[in-house]
Structure formats: C-alpha cells, structure tokens
C-alpha cells in the first residue's frame, strides 16, 4: 500500500487502494487497512473535503475501486503548550516522527505543578524555530526521573499507527547480583491509600517483565528489560518483589546512596515507520549517573 505525505501544502495523506481492497467501502478501507482511528475519521468527516477521491468528496459508505487514490486532508492541530527554550538530545527525526533522549528529572508532559519545564515545552519551542507546529503526541511515556528514549509522532495518523509496532528496551541498575535471566509474571495494582505507588496483588492487572543481566559489579547488576505489558512502575515494582530493587528507587526499597533517582533508562525503541514501512531502531546510551554506580564513566551496550 502506497502512502505519501505532503507537508509543503495542505497536510495530506494519500492511500492507493490495492487489488485486495477492490469493492469495499471507504470506512472499512480506512479503518481496517490504513490504521485510521475512529476519532480521526470523525474529524475528517467534519472537514471540508476531509476525505476525497479525484478532488471530489468521498463519503465513508462510498465503494472503492482498486487503483483509486484516497486523500485525507488532516485536520490542523491545536497546540496550547507554551514554548520554552531548552536543550534537546535528538536521536532520530524526520517529517513524521522524532525520538528524543530525555534527561532524568524532566517531566514528559505538563502537569498542574509542571507547566513550563517539560519535554513538551522544549519540543514546542524547537518545532516553532523550524516552522513546524504539531500536537505533542508521546507514543511511550516514561516517569519524570526515568531517562532515555521518548518517541513522538508529529501527526494524528502516525500516532495511531505507531503503538502496535513499538518495542521498548530498558536498562536499569538493580541492587544485588542477578545470576541468570528470568521473567516476572505477577499482577500489579495501585497500593491501597496511595495514588502513585504500585504493589503486586492477585487482584491486579496482569503484568509480565522479562529481564536479562548484563554484568554485576559493585554490589549491583546492570540489567536489560523487555516488557510484555506496560503497567505503571512495572519494572520497579516487579524487581522489588523478587528482591532486586532498582538503585535510587526508595519508593520500592532501593537505596539513595549511589544515585538520587531510580536508575532506570529507556535504552532502545524499535518500530515500523508508518509511512515508509522501514524498520527503525534508535538507541540512547546510558547516562553517566547510572554508569557511576559501577565506577565507570561510560558503559556502551551492544
């Protein structure tokens, strides 16, 4: 399926109807074969020539023919985040997607108490300097104190298409010596009386964490993680439950002696590019505060 994106004029996305989609209706084609969300489709129906074919309005119940070019005039984004000048460590960027290496102690999104010191604020400023304007759509969200890769879509279509293809890998410094790889398959829920902290509980949501020790030194183990589920605080809660809390994670039993935040880093994101179908892999090397736990200035993971 051919997809093209034109940012020089009106924001448009074009789909060429393949043979296998001959004689199906427009709604089915866009929803099932093009990953267009119901919300986006609803907005397009309220936009002048939001969905068109050969320059003419296309209704969602109109039947398509193989070879038709279906054009979506994407609705303009409204961006109300205040632009704030700041530093960005950009790992990957094109006209559709940007991946940033977020430092620790920086929130991803504005909140009630963080209005101007977030990644979203800095990215808004950066985009404005480039003459771009797009809603901040983070595909993966990491905690304020967690560092590493944050994947952001620059338009609604990419934001809807990316999540199903993203694979995230994390690196953490765990207390103690982990001798072999393993899996924690324990349900997690919000701890009673707390709004943030999680706890392993039989009546929680299913949560699965796969862990792989890289090396042990200085009473800690550098550990790689792949998540089968994406629960809040999943790695932190799971590793604490098996006796290996993250260094610096005092909420879950870790010590603040060697680092003043949870030693957790989103090391790698892999995804299929929603426009080019290319397999993309982006890596953010470990920050120095985690390296210093092992008395190393730099640690590179293969």
Problem set entry | Total residues in the stretch 108-135, condition exposed (fewer than 15 other Cβ atoms within 10 Å of the Cβ), without any contact (Cβ under 8 Å) to a residue 40 or more places away in the chain and part of a helix (DSSP H, G or I) | 1
Exercise. Considering the stretch 12-34 alone, what residues qualify as being surrounded by 18 or more Cβ atoms within 10 Å (Cβ to Cβ) and either closer than 12 Å to residue 65 by Cα or modelled with pLDDT under 90 (or both)?
Worked result: 13, 15, 17, 21, 26, 29, 34
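Every residue, every condition in (1) surrounded by fewer than 18 Cβ atoms within 10 Å (Cβ to Cβ); (2) assigned to a loop (DSSP other than H, G, I, E, B); (3) in contact with a strand residue (DSSP E or B) (Cβ under 9 Å, 6 or more places away or on another chain); (4) modelled with pLDDT of 95 or more, yes or no:
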position: 262; (1), (2), (3), (4): no, yes, yes, yes
position: 266; (1), (2), (3), (4): no, no, yes, yes
position: 280; (1), (2), (3), (4): yes, no, yes, yes
position: 293; (1), (2), (3), (4): no, no, yes, yes
position: 298; (1), (2), (3), (4): yes, yes, no, no
position: 302; (1), (2), (3), (4): yes, yes, no, no
For this session: Would you tally the residues in the stretch 137-165 being touching a helix residue (DSSP H, G or I) at 6+ places or on another chain (Cβ under 7 Å) and farther than 21 Å from residue 281 by Cα?
Result: 1
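Between 49, 44, which is at pLDDT below 90 and in a loop (DSSP other than H, G, I, E, B)? Break it down into steps so the answer makes sense when it comes.
On the way: 44 fails: in a loop (DSSP other than H, G, I, E, B).
Matching residue, one of 49, 44: 49.
Taking residue 253, is it at pLDDT below 95, assigned by TED's automatic domain parsing to the domain that holds residue 177 and out of contact with any strand residue (DSSP E or B) (no Cβ under 6 Å at 6 or more places or on another chain)?
It is false that residue 253 is at pLDDT below 95, assigned by TED's automatic domain parsing to the domain that holds residue 177 and out of contact with any strand residue (DSSP E or B) (no Cβ under 6 Å at 6 or more places or on another chain).
Quick grid of which residues meet (1) at pLDDT below 95; (2) in a loop (DSSP other than H, G, I, E, B):
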site: 142; (1), (2): yes, yes
site: 172; (1), (2): no, no
site: 178; (1), (2): no, yes
site: 183; (1), (2): no, no
site: 216; (1), (2): no, no
site: 222; (1), (2): no, no
Exercise. What is the residue count in the stretch 253-279 for residues that are in contact (Cβ under 8 Å) with a residue 24 or more places away in the chain and within 21 Å of residue 224 (Cβ to Cβ)?
Worked result: 14
Problem set entry | Residue within the stretch 84-107 that is assigned to a loop (DSSP other than H, G, I, E, B), in contact (Cβ under 8 Å) with a residue 24 or more places away in the chain, over 19 Å from the mean Cα position of the chain (by Cα) and within 30 Å of residue 247 (Cβ to Cβ) present | yes
Problem set entry | Which numbered condition residue 2 fails, given (1) closer than 19 Å to residue 274 by Cβ; (2) modelled with pLDDT of 85 or more; (3) loosely packed, with under 14 Cβ neighbours inside 10 Å | (2)
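The values are calculated or read from the model by the stated rules, or taken from the named source; none is laboratory data. All figures in this text were calculated on a predicted structure; none of them were measured in a lab. Every residue, glycine among them, receives a Cβ derived from its backbone with ideal geometry; neighbour counts consider all protein chains shown.
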